[in-house]
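Participant: What follows is a structure written as structure tokens; I'll ask about it next.
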Amino acid sequence: LLSLFNKQNVPVFPYMSVRESFNPESYELDKNFRLTRFAELKGTGCKVPQDVLQKLLETLQENHYQEDEQFLGAVMPRLGIGMDTCVIPLRHGGLSLVQTTDYIYPIVDDPYMMVWISSFMGISFSSNVVLLILCTCEKWNDERDKVMPLIIQGFKDASEEAGTSVTGGQTVLNPWVVMGGVATTVCQPNEFIMPDNAVPGDVLVLTKPLGTQVAVAVHQWLDIPEKWNKIKLVVTQEDVELAYHEAMINMARLNRTAAGLMHTFNAHAATDITGFGILGHAQTLARQQRSEVSFVIHNLPVLAKMAAVSKACGNMFGLMHGTCPETSGGLLICLPREQAARFCAEIKSPKYGEGHQAWIIGIVEKGNRTARIIDKPRIIEVAPQAATQNVNPTPGATS
């Protein structure tokens, strides 16, 4: 993903807008209403395996390591398959159109929070236009009239929080609920960083903890005794609730602050960590580099207790192997070694709002454009930051 500079780099999550955790009965829904029950496949079940997808799409871009192409008389930056965005030069004044698209099935039960998560997957940069894609569930009966206002309000509030707006879209009936959209912006060359300039000696920085997929999955297991019994010896219900809440807060937080600081600290490349896990996206980013480099990951910051849960489940999640999907994950950034510690300290500054974190997780070395995780990576347990707070945004109350 490209990093776009936002000159109005302000706190992007409305901690001041506090509301209670989602209670279906507060919205005249059945007390057993769960949004996640309106999607049968989740996590890796919704994804085409990365190696299969790579093979399917490889013919779209031949001669990957050749020079940049020409388009309308301007240089078209090289972006490899799997980078999830496009940069298209425009005919006017050296400007470029930058665009990305994404959508998701429900992974949390609060419709309003689910919309924030799906919105911020697509607008982690400062976009000017959001095209809303919304598929309502054909299985809904009375629920539609109660859930849809929350979803529409969520899109509106999340877009306003990100400094953009919903300008159009498509809504259809579908067997499953689907939320997402297209984010578009027009910018000058100095407003984005191409993700292809990592050099040996750089370090790898990650800006959100891993384990969101584990957290949302085991939260659903609280209602499924046969699954809960597999993990109840290594985690408590309170641990699961805290991890789930922390996962929601992280997924509903823009990457805009981290993207802006990439410019301040001279980042060389970056991508966001989403459906193919940290290793999958690190491999994609490594293949994009102009220099012959490889990425080596030594540390894995993980939501508290989720590493133990993953271990108790065998290789079901793939968290320790770096293949566990993340949703609206952080940025994996290649930074000069002398800048990395300063970046990690700066992002925690109160002036950017609460909750931002970053960790140095690995190195860039000379290599053949690959990425790997060492055999026994250090697991950094990331404690919940909001253990005693309810910090979900209130519908209609963005800052």
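Participant: Suppose all protein chains stay in the model; what accessible area per residue would a 1.4 Å probe give for the stretch 134-199, in Å²? Present the calculation step by step, with values, prior to reporting the outcome.
Facilitator: Values: 2870 Å² over 66 residues.
Ligands and nucleic acids excluded, the result is 44 Å² per residue.
Participant: Compute the relative contact order of the stretch 133-178 as a whole-number percentage, counting only Cα pairs closer than 8 Å that sit 6 or more residues apart in sequence.
Facilitator: On the way: 42 pairs, mean separation 33.3, N = 46.
Normalised by residue count, the contact order of the stretch 133-178 is 72 percent.
Participant: Students sometimes get this wrong: rank Tyr103, Tyr27 by accessible area, probe 1.4 Å, all chains present, largest first.
Facilitator: Per-residue accessible area, sorted high to low, gives Tyr103, Tyr27.
Participant: Report the net charge of residues surrounding Ile117, where surrounding means a beta-carbon distance below 11 angstrom and charges are Lys +1, Arg +1, Asp -1, Glu -1.
Facilitator: Values: positive: Arg253; negative: Asp102, Asp110.
Taking every other residue near Ile117 into account, the sum is -1.
Participant: What is the local net charge at Val293, summed over the other residues whose Cβ is closer than 15 Å to its Cβ (Lys, Arg +1; Asp, Glu -1)?
Facilitator: +2
Participant: Still on this model: Pull up all non-local amide H partners of Thr164: gap of 5 or more, or a different chain, and H-to-H distance under 5 Å with H placed in the peptide plane.
Facilitator: HN-HN under 5 Å from Thr164: empty list.
Participant: Of the peptides 202-211, 231-240, how do they stack up when ordered by the mean number of other Cβ atoms within 10 Å, highest first?
Facilitator: Numbers: 202-211: 26.7, 231-240: 15.4.
Ranking the peptides 202-211, 231-240 by packing returns 202-211, 231-240.
Participant: Please list, or write none, the lysines whose alpha carbon is within less than 18 Å of the alpha carbon of Lys376, excluding same-chain residues fewer than 8 places away.
Facilitator: Here the lysines satisfying the reach criterion relative to Lys376 are Lys305, Lys311.
Participant: Shifting gears a bit: In terms of solvent-accessible area of protein heavy atoms at a 1.4 angstrom probe, what is the ranking of Lys305, Lys139, highest value first?
Facilitator: On the way: Lys305 85, Lys139 105 Å².
From most accessible down to least: Lys139, Lys305.
Participant: Which of the lysines could a cross-linker bridge to Lys146, judged by Cα under 16 Å and excluding same-chain residues fewer than eight apart?
Facilitator: Answer for Lys146, where 16 Å is the Cα cut-off: Lys31, listed by chain and number.
Participant: Next up: Residue-wise, which Karplus ³J(HN,Hα) couplings in Hz belong to the stretch 103-108, taking 6.51 cos²θ - 1.76 cosθ + 1.60, θ = phi - 60°, and x for glycine or proline?
Facilitator: 8, 7, 8, x, 10, 10
Participant: Continuing with this model, one more query. Across the stretch 254-260, in residue order, what do the Karplus-derived ³J(HN,Hα) couplings come to in whole Hz, using 6.51 cos²θ - 1.76 cosθ + 1.60 with θ = phi - 60° and x for Gly and Pro?
Facilitator: Residue by residue, the stretch 254-260 yields 4, 8, 5, 4, 4, 5, x Hz.
Participant: Expressed as a whole percentage, what fraction of the accessible surface of the stretch 250-399 belongs to carbon and sulfur atoms when a 1.4 Å probe is rolled over the protein heavy atoms?
Facilitator: Working: 2790 of 5640 Å².
Whole-percent figure for carbon plus sulfur exposure: 50.
Participant: Might you work out the accessible area of Arg378 for me, using a 1.4 Å probe with all protein chains in place, and round it to the nearest 10 Å²?
Facilitator: 140
Participant: I've got another one for you. Could you name the lysines in cross-link range of Lys351, using Cα to Cα under 21 Å and dropping any fewer than eight places away on the same chain?
Facilitator: The qualifying lysines are Lys7, Lys208.
The values are calculated or read from the model by the stated rules, or taken from the named source; none is laboratory data. Every value quoted in this text rests on a predicted model; they were computed, and no experiment measured them. Reconstructed Cβ throughout: ideal geometry from the backbone, glycine too, with neighbour counts over all protein chains shown. SASA here: full protein model, heavy atoms, side chains in, ligands and nucleic acids out. Shrake-Rupley method; radii C 1.70, N 1.55, O 1.52, S 1.80 Å.
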